[in-house]
Each structure stands twice: as C-alpha cells, then as structure tokens.
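**Student:** Sharing a structure here in structure tokens format.
The values are calculated or read from the model by the stated rules, or taken from the named source; none is laboratory data. Since the structure is predicted, the reported quantities are computational estimates derived from the model, not experimental observations. Note: ideal-geometry Cβ built from the backbone for every residue, glycine included; neighbour counts use all protein chains shown. In case anyone asks, the SASA skips ligands and DNA or RNA and just uses the protein heavy atoms, side chains included. Shrake-Rupley method; radii C 1.70, N 1.55, O 1.52, S 1.80 Å.
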Amino acid sequence: MNENKAITVDKLTKKFGDFTAVDAISFDVNAGEIFGFLGANGAGKTTAMRMLCGLSLPTSGTATVAGFDVYHQTENIKKNIGYMSQKFSLYEDLTVKENINFYAGIYGKSNQFIKEKTSQVIANLHLENEVDKLVKSLPLGWKQKIAFSVSIFHEPEIVFLDEPTGGVDPITRREFWSMIYKAAESGITIFVTTHYMDEAEYCNRVCIMVDGHIKAMDTPPQLKKRYNATSMDEVFLKLARNAERAQAP
Amino acid sequence: MPSVSAKNIVKFYETKNDKIQALCGISFNVTKGELFGIIGPDGAGKTSLFRILTTLLLADKGAASVDGYDVVKDFKEIRKIVGYMPGRFSLYQDLTVEENLEFFATIFNTTIQQNYDVIKEIYIQLEPFKKRRAGKLSGGMKQKLALCCALIHKPSVLFLDEPTTGVDAVSRNEFWDMLKKLKQQGITILVSTPYMNEAALCDRVALMQLGKILSINSPAEIINQFKKDLFAVRSSKMLSLLNDLKNFNEVEDAYFFGAYHHVVMKHKNEEQDLKNYLSKYSNDNLEIKNIQPDIEDCFIELMKQSHEIELH
Amino acid sequence: MKQFLSFVKKEFHHILRDKRTMFILLGMPVAQIIIFGFALTNEVKNSKIAVLDYSHDVATTAITQQINASKYFEIKKNIINYKNIEAAFKTGNIKMVVVFPENFYEDLQHFNKAQIQLIADASDPNVANTLTNYATAIIMDYQNRITDERKLPYSIHTEVRMLYNPQLKGAYSFVPGVMAMVLMLVCAMMTALTIVREKETGTMEVLLVSPAQPLKIVVAKAVPYLLLSMINIISILLLSVFVLGVPINGSLLLLLAVSFLFTLTSLALGLLISSATNSQQTAIFIALVGLFLPTVMLSGFMFPIENMPLPLRIISNIVPAKWFYTIVKSVMIKGTGILLIWKEVLVLTGMMLFFLALSIKTFKIRLA
C-alpha cells in the first residue's frame with residue numbers, strides 16, 4: 001500500500017442487473033486531503049460511497065480504503081473510517097452525552113479515552129449546558145456539528161460525509177467547514193459530497209461524476225480554468241447538463 | 001387585493017417539556033402573479049408557514065388569506081384554488097406517471113386534457129415514461145411530476161415547499177426555468193428554499209431565520225441595503241489567511257465564500273489598510289478585490305444583526 | 001362520484017401492486033382454515049379405549065372383538081365398575097369407554113332392542129366426535145349382520161355421552177372465529193395502515209389541500225378492503241363447507257349480512273386508529289394489542305367466556321368480535337334465524353354506529 005494514499009480506486013464497477021450504476025471509476029485520495037465527490041442525482045455517488053464504506057460489494061475492479069481491501073477486509077475498513085450523513089446522524093431520543101458514549105462504545109475505545117475525548121468534544125463545541133439535553137431539542141446546525149464530532153470521535157483515518165450541510169444556515173455551514181478543515185489538519189482524510197457548489201471550492205480536489213463515470217477530477221482552480229468558468233457551479237452545470245440519467249429515469 | 005396575505009402569524013409547537021415558537025409574528029403580502037421566495041435554513045419556519053397558508057395547520061395568532069379567502073373560515077375554498085407541493089415529493093411510488101397525474105386531476109375535478117396547456121411544457125419531458133412507476137424515476141423527474149400534479153387544476157396560487165432541496169444543481173436550474181415560465185401564465189408562486197443563491201431568481205424574497213423574517217424585498221434591493229464595504233480575498237494559504245483577517249481590528253467579519261474569503265469591513269474606504277495589513281503576513285498570491293455582496297452575504301449580515309438585537 | 005371512483009381505483013392499484021401483502025391478505029384465511037381443518041379431520045388411529053361389560057355374553061363379546069379388530073381402536077382395559085370410568089379417563093390415556101348394560105343379549109333376543117353407551121372424552125371435541133362415530137358404525141355393522149339371520153329386525157341403540165365438554169364446543173367454532181380474526185386484520189389493521197402510510201409519505205398533505213372531502217378520501221380507502229373482506233368471508237365459507245364439511249345450517253344471506261355489519265365495525269375501528277397515529281408502526285401495534293388480541297382472547301373463540309372470571313366476562317361485552325362470533329355460531333352451526341339473535345345483532349349495529357360516528361368525529365381535516 002502506498003503510505004500517502006488514503007483511498008485507492010481502480011476500475012471500480014457496480015452493476016444492478018443490466019444497470020451499471022458505477023462504471024469503472026478510478027481515482028486516489030491522498031492522506032489528509034479534503035476530497036469533494038460531486039455528481040447529479042443518480043450519477044452513482046451513493047453507490048460508490050457505499051462500496052468504499054464496505055457496505056456493498058463491487059461487481060468488479062479494486063479499491064482499498066485505509067489500506068484495506070473492499071472485498072475481504074470490510075470489517076477493518078469500518079474500524080478505520082467515520083461516516084456521517086444528513087439523513088442519519090444521531091439518535092434523537094438520546095441525550096448528547098448518550099449519543100457520544102454509544103458511538104464511542106461501538107469502536108471499543110477505553111473508558112479513559114472516551115471520558116477525556118468527550119469532555120474535549122463538549123468543550124470544543126461549547127455544549128457544556130446541553131450535554132444532558134435530548135438531541136431532538138437542539139437546532140439542526142448543532143446536531144450536524146455534534147454528528148461530525150461523533151463521526152471522528154474514534155480518530156479514524158478517513159471520514160465520509162454525505163451531504164453534511166443540507167439545510168443548515170449559512171453561518172453554521174461555515175462553522176461546520178472550519179471543523180472539517182481542523183479535522184483535515186489533524187490528518188484525517190475527508191471524503192465529502194454536497195449540493196452546495198460554493199462548498200466544492202473548499203475542497204483540495206474535486207471529482208465530478210456523471211452517469212456512473214468520472215467526468216472530471218482536479219483542484220477547483222484548475223477545473224475552472226479548464227472549463228473556462230468563474231465558479232464551480234458553472235463547471236458543474238457544464239459537465240452535468242448533458243447527463244443522460246438526469247433525463248432518462 | 002393581494003394574492004396571499006399574512007398578518008402577524010404566530011405558531012407554537014408544544015413538546016413534553018417546553019413550547020417551541022416556530023413562527024414569531026410573520027407578516028407579508030404577495031401580489032398577483034408574483035414569484036415570491038421564502039429563503040432560510042431548516043428550522044426557519046418555512047414549512048409551518050406554508051402549512052398555515054395551505055390550511056393544513058391553524059396558527060395560534062394572526063390572520064392569513066389566499067385570494068381573499070380566510071385560511072381558517074374559508075379553508076374549503078382555498079383548497080380548490082391552490083396547488084401545493086410539500087417538502088417530500090408526495091407521489092404514489094407504486095402508481096405510474098400517468099396514473100398519478102390522472103388521480104390528482106380527478107380529485108381536483110378536472111382532467112389532464114382540460115388543463116393540458118398549463119403542464120404541457122413540463123409534461124412533455126415526462127411523457128416518454130408515462131407508463132413507468134413514479135418510484136422508479138430519477139430525483140429530477142419526480143420533482144417534475146410532483147410539479148405537474150400540483151398544477152393540474154390550474155391553481156391561482158402555487159405553494160412549493162423546498163422543491164429543490166437535495167436536488168442536484170442541474171435539476172435545480174431546470175426547475176427554476178420552469179417556474180419562470182409558469183409565472184408568465186399569471187400563476188402566483190410562493191417557493192421556499194434553503195439555497196441562498198436561488199433568491200436572485202425571485203421577484204421578491206423574504207429571508208427567514210428562526211421563525212422571523214429578517215428582510216422582505218427584491219433581491220436587488222436587499223443587496224442595495226448592504227451598506228458596508230465587502231472584499232473578496234484569497235491566497236495560497238486560505239486557513240491562515242482567515243485567521244489573519246479575523247485578527248484585524250478593522251475587519252467586522254470574515255468567512256469562507258467559495259474560492260474566496262469574504263471580508264466585511266467596519267468602515268468605508270479601507271481597502272488600502274486591508275492590503276497593508278495583509279502584506280505583513282506571508283500570504284502568497286494574495287488577491288484582494290472590492291465586490292458586490294451576494295444574497296448570502298446579506299443573509300449572514302442580517303442574521304448577525306438579529307442576533308445582536310436579541311442579545312441587547 | 002367520479003372523484004370517489006378514482007380514489008377507489010387508486011387504492012386497488014396499491015393493493016394489486018403490492019403482491020406480497022395481497023397474497024397474505026387472501027392466503028391467510030385459506031391457510032388458517034386448512035390448519036384448523038387438519039386438526040379436525042385428522043384420522044384417528046389406534047385410540048386407546050376401555051370396555052365396561054356388565055353382561056358378558058355372546059353379543060357383547062362379539063362387538064368388543066370387532067371394535068378391537070378395527071384399526072381405529074385398541075382396547076386397553078376392562079373396567080368392572082361404573083365408578084371407575086372417571087378414574088380410567090384420568091389416568092389411563094383413555095379416549096372412550098364402551099358400556100354394555102346387564103342382560104344385553106337377552107334384551108336383544110326378547111325385546112329385539114338393546115342399548116350401548118359410548119362415553120367419550122370430549123375435551124378434544126374433534127377426536128371424541130370421530131371416535132363415537134366410528135364406534136357407532138361398527139355397532140351398526142354388527143346389528144345389520146345379525147338382523148340378516150332373523151325376520152324381526154334387531155335394534156341396538158347407541159347412546160353417546162360426551163364428558164367434559166358436552167356441547168362439543170370448539171368443534172365447529174373455529175370457522176366463525178377465523179372469520180372474526182380475518183375481518184379484524186383485513187379491515188381494521190389494513191385500513192389504518194394505508195391511511196397512516198399516506199401520512200408518512202406526505203401524500204395526505206396534498207390530498208388535504210385539495211377539494212376532495214377528507215371523509216370521502218378515507219371512505220374510499222376503506223372500500224377495497226371491504227370488498228377484500230367479503231371475498232375472504234366467501235372463501236372461508238366455501239372452504240369450510242366443501243373441504244371441512246362444516247355445515248351452514250342457517251340462512252346464508254343472514255350470515256353475509258352480519259359479516260358485512262362486522263366488517264363496517266372493523267373499518268370504523270381502523271379509521272379510529274388511523275386518526276390517532278402518524279406512524280405505521282404505532283398503527284400496527286395498536287391494531288394488534290387493541291383489536292386483534294381481544295378478538296382472539298375475549299370473543300369466546302379460543303376460551304369459553306362462561307369459564308372466565310367476572311371482570312373478563314364484563315369486558316368481553318365491549319369486544320365487537322364476541323357479538324359477531326355468537327351470532328355467526330348460532331346462524332351457522334345451530335341454524336338460528338334472526339328472531340332469536342336480534343338482540344346480538346342490535347348490539348353489533350349499535351357498536352358499528354358508535355365507532356363510525358367516533359371515527360368521523362375524530363378525523364382530522366388538518367395536520368395537527
């Protein structure tokens with residue numbers, strides 16, 4: 001394994017019957033990188049992400065995540081990654097502390113570790129007065145920030161973020177991204193999907209999927225240069241506008 | 001007579017331990033044929049407001065009317081003349097495209113043929129798949145079908161609750177193009193969205209946050225009311241640049257904004273001061289330019305103002 | 001009306017396209033009847049019986065031998081005293097006792113008439129019934145054989161006594177029981193589920209913001225299930241008559257009318273549940289605990305109500321299934337007409353109206 005690669009993907013393919021959801025995609029993600037994974041609805045983003053998280057077996061191709069093979073070492077992968085999505089993040093009917101303890105417990109961390117880290121997380125988020133409140137009583141932005149902290153609680157090598165900022169207000173969205181930057185600085189590799197095109201600019205590199213293929217992959221400035229665009233929004237529209245799957249169901 | 005009018009609407013939700021105020025005195029008017037946007041993050045109260053206006057919820061205080069009909073007293077009349085697309089695309093996944101449309105046509109006592117001109121442009125794209133079950137459509141197509149279903153009875157007011165949330169940028173663009181065309185047919189449209197950049201596409205917008213309206217105006221006027229100097233700054237080390245900016249006394253606010261940081265200055269005409277300050281730090285490829293604010297800049301500014309008012 | 005029909009049509013699409021659920025809905029009554037039916041028609045072989053012979057003559061010995069020779073019986077014991085019968089049943093795994101009175105053969109010779117008593121353990125009524133039938137057949141066989149030799153016919157009277165469960169309760173009672181269960185499940189639970197599902201997917205929001213009257217929406221949702229229930233009722237009746245041989249002694253029309261009445265009651269209960277809940281899970285839970293369980297436990301179908309403690313007996317009166325079960329059993333098994341069960345029918349009608357009114361009253365025309 002290449003020490004500097006957090007994720008390597010080579011000709012990874014997933015077919016559902018006749019339908020090729022992900023068609024021989026190849027890319028590498030460097031350790032400590034913020035990697036943006038963009039695509040229209042139905043482009044195959046979710047399917048690709050599931051394979052990398054060890055939730056779905058590829059039809060063909062190879063991929064390693066944190067040095068582990070997605071076919072045979074999914075248990076190792078799961079131990080070394082964090083995952084957070086907009087849809088499922090925290091248990092609404094548990095308190096903040098209970099949520100943290102629960103997730104920390106899953107990864108079998110020592111009590112000492114959990115205790116220290118919990119107070120650290122609480123302090124970072126300024127949640128001292130909210131630790132014993134039910135998650136459902138908190139605003140969405142807070143929930144998302146807690147969910148992110150929980151997803152990197154066990155200090156994974158890579159964290160997968162699936163539309164983490166959907167519906168969050170502009171200020172909290174930026175606070176969320178500062179957290180992402182901090183995590184990246186501490187060496188965690190970030191793999192993130194988003195529908196906010198300004199957030200694509202925050203990534204070190206961006207990969208844009210169209211119809212199961214990777215249409216483009218580069219740093220945001222390079223992409224804008226190549227497609228003669230002033231923003232990532234424009235780049236995305238130029239690339240994805242002619243997607244067949246957006247038209248054909 | 002305004003097409004939609006809301007006066008001082010207040011709505012509480014009771015939970016076991018406390019009372020959450022979802023709407024704190026919302027007032028606005030929408031004129032006939034207007035494309036009116038309600039822009040705000042989750043929890044702003046957009047859905048509650050839409051539900052009150054579409055007669056699905058009762059407000060705790062205040063009054064509202066749609067086409068002159070009171071939302072409480074005349075709810076039956078309102079239900080005949082409005083089109084409503086809730087947050088989730090509310091289609092029957094196990095019915096085909098055509099069956100969904102036919103069903104919604106009949107419950108509004110009409111037929112697809114009768115109002116075909118209203119939906120024609122949108123439906124043409126769906127027609128090749130009319131025998132397909134709605135559950136098997138892509139997100140963008142579902143969105144189009146849901147819009148057709150909400151339009152099939154030629155409503156005079158259309159309520160679209162976050163039609164573009166979770167939809168990719170391409171479909172979002174297409175959707176707004178469709179709305180523009182609908183507006184030409186004289187339908188009043190109220191649309192809510194969490195995406196700030198969609199505000200520019202509306203005639204007027206209400207910026208909402210935590211149950212309050214921060215501002216109601218045309219997008220141009222909202223931008224006009226942003227009186228401070230705004231700069232876009234970037235360098236090769238964005239994170240340390242942001243810290244440097246935040247440490248500068250003359251900077252009121254600095255935050256990520258796409259490829260740049262946006263910097264709000266405390267006083268006018270301080271571009272040179274900013275340049276001088278930043279040149280002291282090792283910021284390679286430094287670029288500073290004075291820019292027009294975006295709606296999102298205004299929203300951030302208004303959010304902070306409203307927060308300060310609350311603190312005092 | 002067109003609106004209403006289009007609702008019904010849509011509802012049928014939902015049902016017909018969900019193959020698995022439809023299979024369960026239509027297959028469940030068939031499966032239940034067959035499972036119960038097997039218990040009923042199960043061939044009885046080598047059942048252990050005892051003989052109490054006060055006569056000990058040619059005839060009794062011949063009959064005893066013939067009984068023992070049949071594949072259905074195995075004589076385990078000879079009892080000498082009437083008093084020991086009870087003990088034999090309790091200790092000896094014995095299913096039936098054949099009692100010959102004194103002077104059996106002499107009676108037969110002199111009066112051309114004699115009696116045999118068959119005492120069966122009717123705690124398992126199906127088995128008891130089968131055994132006494134077989135034994136009676138064997139005795140008749142013997143009677144016919146010896147009659148051939150004489151001019152005047154002999155007549156042996158077989159008196160059957162069922163111990164522990166004299167009216168053979170439960171023998172045919174599962175058919176009305178299954179009917180009650182199936183109707184409760186299909187009507188109440190399915191109706192509640194389909195309405196709550198629309199709340200979950202958000203389509204209810206759109207329907208409410210339409211000129212369609214909310215009540216009409218809900219009634220339209222119930223119609224297909226009403227039809228489905230009637231199909232189920234008919235399939236249950238067909239199966240029980242033609243496969244299990246359970247007779248319909250009373251009026252078929254009355255039976256169907258009462259089933260319809262009970263179906264409406266169940267629908268009303270389903271609507272009531274649907275307006276009280278917003279998730280399918282809760283709806284299922286309420287339907288199971290609040291409707292299905294009382295139907296099984298307190299209708300008298302599984303456990304005789306007479307044997308219950310007073311509080312349960314009182315509670316059983318508010319379970320609609322109890323009244324339905326009583327009516328159907330009377331009509332089907334005993335062949336009772338409307339004149340004898342009008343009180344029960346009245347109670348059921350009252351319940352139907354009450355629940356229907358309540359569900360209409362609690363139905364929400366808004367979201368909260």
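**Student:** Counting only Cα, what are the radius of gyration and maximum Cα-Cα distance Dmax of the protein assembly as shown, in Å?
**Tutor:** 38.2, 139
**Student:** Another question, if that's okay. Let me have the relative contact order for segment C:43-163, percent, based on Cα pairs under 8 Å that are six or more residues apart.
**Tutor:** 28
**Student:** Hey, another quick one. Taking the Cα atoms of chain C alone, what are Rg (to one decimal) and Dmax (as a whole number) in Å?
**Tutor:** According to the Cα coordinates of chain C, Rg and Dmax are 27.1, 91 Å.
**Student:** Compare B:195, A:107 by solvent-accessible area with a 1.4 Å probe and give them largest first, with all protein chains kept in place.
**Tutor:** Sorted by accessible area, descending: A:107, B:195.
**Student:** Something else about it: With every protein chain left in place, what is the accessible area per residue of chain B in square angstrom, probe 1.4 Å?
**Tutor:** Heavy-atom SASA per residue in chain B reads 42 Å².
**Student:** Could you work out the equivalent-ellipsoid semi-axes for segment C:43-163, taking the square root of 5 times each eigenvalue of the Cα gyration tensor, largest first, in whole Å?
**Tutor:** Ellipsoid half-lengths, sorted descending, are 24, 15, 12 Å.
**Student:** Right, here's the next one. In percent, how large is the relative contact order of chain B, given Cα pairs closer than 8 Å and 6 or more residues apart?
**Tutor:** For chain B, the relative contact order is 19 percent.
**Student:** Name all residues of segment B:244-266 having a backbone nitrogen under 17 Å from the label point set 7 Å from the Cα of residue B:289 along its Cα→Cβ direction, giving them as ranges.
**Tutor:** Residues passing the 17 Å test: B:257-264.
**Student:** Here's something else I'd like to know. Can you give the direction-averaged projected area of the convex hull of the alpha-carbon atoms in chain A, in nm²?
**Tutor:** 13.9
**Student:** Can you give the Rg to Rh ratio of segment B:4-222, both from alpha-carbon atoms, with Rh computed by the Kirkwood formula?
**Tutor:** A ratio of 0.96.
**Student:** Let me ask another. Counting helices only, and only those DSSP H runs with n ≥ 4, report the 222 nm mean residue ellipticity of chain C as the sum of -39,500 (n - 2.57) divided by its residues, in deg cm²/dmol to the nearest 500.
**Tutor:** -20000 deg cm²/dmol
**Student:** When the accessible area of chain A is split by element with a 1.4 Å probe, what percent falls to carbon and sulfur?
**Tutor:** 49
**Student:** Right, next: Helix C:338-362 versus the longest principal axis of chain C: what angle, 0 to 90°, nearest 10, using Cα atoms?
**Tutor:** 30
**Student:** Among DSSP beta bridges whose residues both lie in segment B:4-222, state the antiparallel percentage, nearest 5.
**Tutor:** Percentage antiparallel, nearest 5: 55.
**Student:** Let me ask you something else. Taking 2.2 N^0.38 Å as the expected size of a compact globular protein, what ratio does the Cα radius of gyration of segment B:227-292 give against it, to two decimals?
**Tutor:** 0.96
**Student:** Moving to a separate point now. What's the local net charge at residue C:301, with K and R +1, D and E -1, over the other residues with C-beta under 10 Å away?
**Tutor:** The answer is +2.
**Student:** Continuing with this model, one more query. Would you tell me the accessible area of residue C:334, worked out with a 1.4 angstrom probe on the heavy atoms of the protein chains, in Å² to the nearest 10?
**Tutor:** Solvent-accessible area, nearest 10 Å²: 150 Å².
**Student:** What longest range of chain C stays clear of loop-exposed GluC sites (Glu not before Pro) (DSSP non-H/G/I/E/B, at most 16 other C-beta within 10 angstrom)?
**Tutor:** It runs C:150-368.
**Student:** Calculate the dipole size of chain B relative to its Cα centre from +1 charges on Lys and Arg beta carbons and -1 charges on Asp and Glu beta carbons; express the result in debye to the nearest 20.
**Tutor:** My answer is approximately 800 debye.
**Student:** Another question, then. Let me confirm the definition first: pairs of Lys residues in segment C:52-126, 8 or more apart or on different chains, C-alpha distance under 27 Å. How many are there?
**Tutor:** Taking the Cα cut-off of 27 Å, the pair count is 10.
**Student:** Quick one: if the Förster radius is 56 Å, what FRET efficiency do residue A:106 and residue C:12 give, using the C-beta to C-beta distance and rounding to 0.05?
**Tutor:** Efficiency at R0 = 56 Å is approximately 0.75.
**Student:** OK, next. Over segment B:227-292, what relative contact order in percent results from Cα pairs under 8 Å that are six or more residues apart?
**Tutor:** Rounded, it is 48 percent for segment B:227-292.
**Student:** Separate question: List the aspartates and glutamates whose Cα sits under 19 Å from the Cα of residue C:334, skipping any in the same chain fewer than 8 residues away.
**Tutor:** The qualifying aspartates and glutamates are C:306, C:344.
**Student:** Something else now. Highest mean first, how do C:310-320, C:254-264 rank when packing is the count of other Cβ atoms within 10 Å averaged over residues?
**Tutor:** C:254-264, C:310-320
**Student:** Suppose every Lys and Arg Cβ carries +1 and every Asp and Glu Cβ carries -1, with no other charges. What dipole size does the protein assembly as shown come out with about its Cα centre, to the nearest 20 debye?
**Tutor:** 1960
**Student:** Could you calculate the contour length gain from residue C:215 to residue C:22, that is, 0.36 nm times the residue separation minus the distance between their Cα atoms, to one decimal place in nm?
**Tutor:** Working it through step by step, the gained length comes to 67.0 nm.
**Student:** Shifting gears a bit: Between chains C and B, what is the buried accessible area in Å², counting both sides, with a 1.4 Å probe and ligands, DNA and RNA left out, to the nearest 100?
**Tutor:** Counting protein atoms only, the buried area is about 2700 Å².
**Student:** Going Cα to Cα from residue C:199, which aspartates and glutamates come in below 17 Å? Please leave out same-chain ones fewer than 8 positions away.
**Tutor:** B:94, B:161, C:11
**Student:** Excluding residue B:39 itself, calculate the net charge of residues whose Cβ lies under 9 Å from the Cβ of residue B:39, where each Lys or Arg counts +1 and each Asp or Glu counts -1.
**Tutor:** 0
**Student:** Still on this model: Just round it to a whole percent: the fraction of Cα-Cα distances in segment C:315-368 exceeding 19 Å.
**Tutor:** Percentage above 19 Å: 42.
**Student:** OK, next. Straight distance only, please: which lysines reach the Cα of residue B:280 with their own Cα at less than 26 Å, same-chain residues fewer than 8 apart left out?
**Tutor:** Within the straight-line cut-off, residue B:280 pairs with A:182, B:228, B:237, B:246, B:266, B:268, B:289.
**Student:** Farthest toward the dipole's positive end in the protein assembly as shown, which of A:203, C:80, C:285, given Cβ charges of +1 (Lys, Arg) and -1 (Asp, Glu) about the Cα centre?
**Tutor:** Final value for the positive-end residue is C:80.
**Student:** Which links in A:5/A:97; A:136/B:144; B:7/B:32; A:78/B:19; B:80/B:144; A:225/B:275 stretch past 29 Å when you go from one Cα to the other?
**Tutor:** A:5/A:97; A:136/B:144; A:78/B:19, as the Cα separations exceed 29 Å there.
**Student:** Can you list the residues, at least 5 places off or on another chain, whose amide H is less than 5 Å from the amide H of residue A:85, using H built in the peptide plane?
**Tutor:** A:162
**Student:** Sticking with this structure for a sec: Whole angstrom only: what separates the Cα centroid of segment C:339-361 from the Cα centroid of segment B:1-70?
**Tutor:** Computed from Cα coordinates, the inter-centre distance equals 43 Å.
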